[in-house]
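The values are calculated or read from the model by the stated rules, or taken from the named source; none is laboratory data. Bear in mind the structure is a predicted one, so any value in this text is a computation, not a measurement. Reconstructed Cβ throughout: ideal geometry from the backbone, glycine too, with neighbour counts over all protein chains shown.
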Amino acid sequence: MTGSDLFFNEGSDLTLLFQFKQPAVFKARMDGFLQSAEKADVGVKRSTGKVQGVDYIHLTNPDRSVHVFSAYPESNIHFRSNSLAALGRVLAAIHGKEAGGRPVKRLGDSSEFAYIRTLMPRGAKEEDGFLYLSDPFIRRIVGPELKLTERRRVLCYNHLRMIGHASLMHRGETGKVPESLEALDQSRCSPGLFGAYELVCPDGGKYSLSADGTAGVCSHHGHSHELVPCCEHPVAKVNGEEADEYKAFLEEYNGYWRTFFDPIAVRIKVAPEQYRLETIILPLIDNSIYTGLATALGGDPEPLDALPVPKRNIFSVNFPR
C-alpha cells in the first residue's frame, strides 16, 4: 500500500499492490468487486484507457464515493488506486522510467532503505506489517508544492462545507431545497454569493450545488467528503500571500529542524496476545518534547509488578516511579 501524502481526512491518493500465485482465481474475484460496484449504483460509469502502456479500467460516480482504477501490469501483479496520477507513478517505479524515458528513483534502490532493512530485516518474526516514510517523502510533506496545494484545498473545503450548511438553513427557513447558489444568497442563508469576491476557489474552480441540492461541489477539488488528491492538481504558481505564509512556516520550521532528515520506519506485530509497534526515528531536532521522551522512555525495560486486572478491562497503562 503506497501514497504520496498523509492528508487522509481531506482525501489522499492510495494505491494497493497485489502479488498473487493463481491469476485466474484472483482476477475473477477482483473483477467481481468491480461488477458489484456497478450494479449497486446506477450512477457508476465505466471507462478504459492506458497509462505507461498498461490498460486500466476506471469506475467512478459523480460524488467520487466510487472512484477506482484497476490494472494488471504483469500476469501476477494487480493494482487498485483512487488516482490516475498515483497509478502512473507506481507503474513508472516498476518500469524504472517515466513515459518520456526519464529514469525514476525507486525506494527499493536507495541506500537509506537498504540500511533500515539491516536494522529491521524483512521476514523477521516480529514483522506482520511495515510502515516506511522515506527522506524524500518527508521533504515533500513539508515542501512548498504540497503545503500550498493542501492550503488551497482546505480553503476550498471550508467553502464547500459552508455551502452545505447554507443549504440546510435554506431548507429550514423556506421548506424548499435550494436550486442554485444564487438562491442561497437571495435567502441570506450564505455570507455572500459563493464563487464571487472572497468566496472563490483558490485554484479557480467553479462552485455549484450537488444534484440533490444538499452539498457544494467544486469543479477542481470535487466534493467535501471526497476531495481530489493533491497529487492530481499540484500548485505551480503562488501569490504573494501564499509565499509569505510559507516563508513564515519555513523560518519557524528551521528553528527546530536541521539540514538533514532521517527516515521513519515502524514495524508492526499483531497477535491475539499482543499488539507491538517498534519504530526507528532519529529526528535531528533540538526540542524538549523529544528530549523528554528519550529520557522517560529510554534505557532498559523494567519489570512491573503484576496487578489484578478486571475481566472487563480493555486497556491499561503503567508508569513505574
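Summary of computed values
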| item | result |
| --- | --- |
| Yes/no for VAL266 being surrounded by 11 or more Cβ atoms within 10 Å (Cβ to Cβ), assigned by TED's automatic domain parsing to the domain that holds GLU150 and at pLDDT 90 or above | no |
| Test: residue in segment 129-136 that is in contact (Cβ under 8 Å) with a residue 60 or more places away in the chain and of a type in the set (S, T, N, Q) | yes |
| Test: PRO136 is at pLDDT 95 or above, surrounded by 13 or more Cβ atoms within 10 Å (Cβ to Cβ), not assigned by TED's automatic domain parsing to the domain that holds LEU84 and not polar (S, T, N, Q) | no |
| Subset tally (residues that are of a type in the set (S, T, N, Q) and closer than 21 Å to PRO136 by Cα) for segment 1-49 | 4 |
| Search result, residues across segment 156-194 that are of a type in the set (Asp, Glu) and surrounded by fewer than 18 Cβ atoms within 10 Å (Cβ to Cβ) | GLU173, GLU179, GLU182 |
| Test result for GLY205, surrounded by 13 or more Cβ atoms within 10 Å (Cβ to Cβ), under 11 Å from ALA166 (Cα atoms), in contact (Cβ under 8 Å) with a residue 40 or more places away in the chain and not hydroxyl-bearing (Ser, Thr, Tyr) | no |
| Odd one out for LYS206 among (1) at pLDDT 95 or above; (2) not assigned by TED's automatic domain parsing to the domain that holds HIS170 | (2) |
| Criterion: more than 17 Å from ILE264 (Cα to Cα) and assigned to a helix (DSSP H, G or I) - qualifying residue of GLU145, GLU126, GLU112 | GLU145 |
| Any hit, segment 211-221, residues being modelled with pLDDT under 95, surrounded by 12 or more Cβ atoms within 10 Å (Cβ to Cβ) and charged (D, E, K, R) | no |
| Hits in segment 237-263 (condition: at pLDDT 90 or above and more than 30 Å from PHE113 (Cβ to Cβ)) | LYS237, VAL238, ASN239, GLY240, GLU241, GLU242, ALA243, ASP244, GLU245, LYS247, ALA248 |
| Close pairs (7 angstrom Cβ cut-off, 6 or more residues apart or separate chains): without any contact (Cβ under 8 Å) to a residue 12 or more places away in the chain and under 23 Å from LEU131 (Cα atoms) in segment 95-115, part of a strand (DSSP E or B) and of a type in the set (Gly, Ala, Ser) anywhere | none |
| Output for segment 82-103, where each listed residue is surrounded by 14 or more Cβ atoms within 10 Å (Cβ to Cβ) and touching a strand residue (DSSP E or B) at 6+ places or on another chain (Cβ under 7 Å) | ASN82, LEU84, ALA86, LEU87, GLY88, VAL90, LEU91, ILE94 |
| Long-range neighbours under 7 Å by Cβ, at least six apart or interchain, first residue within 22 Å of ALA86 (Cα to Cα) within segment 35-61, second of a type in the set (Asp, Glu) and surrounded by 12 or more Cβ atoms within 10 Å (Cβ to Cβ) | VAL44/GLU38; ARG46/GLU38; THR48/ASP55; LEU59/GLU38; ASN61/ASP41 |
